[in-house]
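Before any comments, here is the structure.
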Amino acid sequence: MGKLIWHEYSRIVAITASVYTFWAGFWGLIWRKFFWDFVGGTLRDPGGLQAPPRDAFFITVIVKAPVIQIISILLAGFIIALEFPVPYLRGTKLHRTIALRIPLLLVQAFFAVLFYQGTNGAIWSLIAAGCYSRAVMLGEEMKEAKENRSRAGGV
């Protein structure tokens with residue numbers, strides 16, 4: 001058996017979570033639903049479950065104007081570009097740092113858990129952030145970071 005390389009595993013989970021969140025954001029633009037409306041909501045015969053008045057802000061930014069879904073799509077697209085990476089990010093300090101990815105995934109999880117379609121992407125984002133945290137605790141470095149040490153005047 002081999003040794004698990006946590007940052008490589010985290011990268012795969014983060015790509016999966018971000019693609020899921022990206023796709024869920026598009027579906028969230030079509031079917032807008034605040035996920036947490038069942039907490040304190042009222043069940044009405046015509047109309048279904050309606051969120052309580054204290055959740056008016058979330059109803060505004062998720063149902064009336066899909067701000068949260070758009071933020072989730074943009075953030076997931078950036079994380080995909082960082083993890084995959086796109087050619088202009090490859091080898092840069094932004095791409096090489098593991099510690100940056102943890103807060104990005106936590107913010108993605110925060111926004112994705114607010115709307116109904118993004119809950120699974122939020123769960124996987126939290127798992128990826130936890131695995132990246134484990135990689136940081138073990139002192140793992142990315143292969144690209146090790147290769148850049150030998151370059152004089154690296155990026």
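Taking the criterion of being in contact (Cβ under 8 Å) with a residue 12 or more places away in the chain, in a helix (DSSP H, G or I) and surrounded by fewer than 23 Cβ atoms within 10 Å (Cβ to Cβ), the residues of the range 132-146 that qualify are SER133, ARG134, VAL136, GLU144, ALA145. When VAL107 is tested against (1) in contact with a helix residue (DSSP H, G or I) (Cβ under 6 Å, 6 or more places away or on another chain); (2) at pLDDT 95 or above; (3) closer than 22 Å to TRP36 by Cβ; (4) not acidic (Asp, Glu), exactly one condition is not met: (1). In the range 82-95, the count of residues that are closer than 30 Å to PHE38 by Cβ and out of contact with any Asp or Glu (no Cβ under 9 Å at 6 or more places or on another chain) is zero.
Looking at the structure I just gave you, is TRP23 out of contact with any helix residue (DSSP H, G or I) (no Cβ under 6 Å at 6 or more places or on another chain), assigned to a helix (DSSP H, G or I), modelled with pLDDT under 90 and not β-branched (Val, Ile, Thr)? Against the criterion (out of contact with any helix residue (DSSP H, G or I) (no Cβ under 6 Å at 6 or more places or on another chain), assigned to a helix (DSSP H, G or I), modelled with pLDDT under 90 and not β-branched (Val, Ile, Thr)), TRP23 does not qualify.
In the range 80-94, the residues that are farther than 12 Å from MET142 by Cβ form Cβ pairs under 6 Å with partners that are among the polar types (S, T, N, Q) and in a helix (DSSP H, G or I), at six or more places apart or across chains, as follows: ILE80/SER18.
Within the range 105-124, the set of residues being crowded, with 21+ Cβ neighbours inside 10 Å and touching a Leu at 6+ places or on another chain (Cβ under 8 Å) comprises LEU105, GLN108, ALA109, PHE111.
Screening the range 1-51 for residues that are among the small types (Gly, Ala, Ser) and free of Cβ contacts under 8 Å to residues at least 60 places away in the same chain and picking the one that is surrounded by the fewest Cβ atoms within 10 Å (Cβ to Cβ) gives GLY2. Within the range 75-96, the only residue that satisfies the criterion of being surrounded by 15 or more Cβ atoms within 10 Å (Cβ to Cβ) and among the hydroxyl-bearing types (Ser, Thr, Tyr) is THR92. Of the listed requirements (1) of a type in the set (A, V, I, L, M, F, W, C); (2) assigned to a loop (DSSP other than H, G, I, E, B); (3) farther than 24 Å from TRP23 by Cβ, ALA56 misses just one: (2).
The values are calculated or read from the model by the stated rules, or taken from the named source; none is laboratory data. Predicted model only: the values in this text are computed from it and were never measured. Cβ sites come from the backbone with ideal geometry, for glycine too, and all protein chains shown count toward neighbours.
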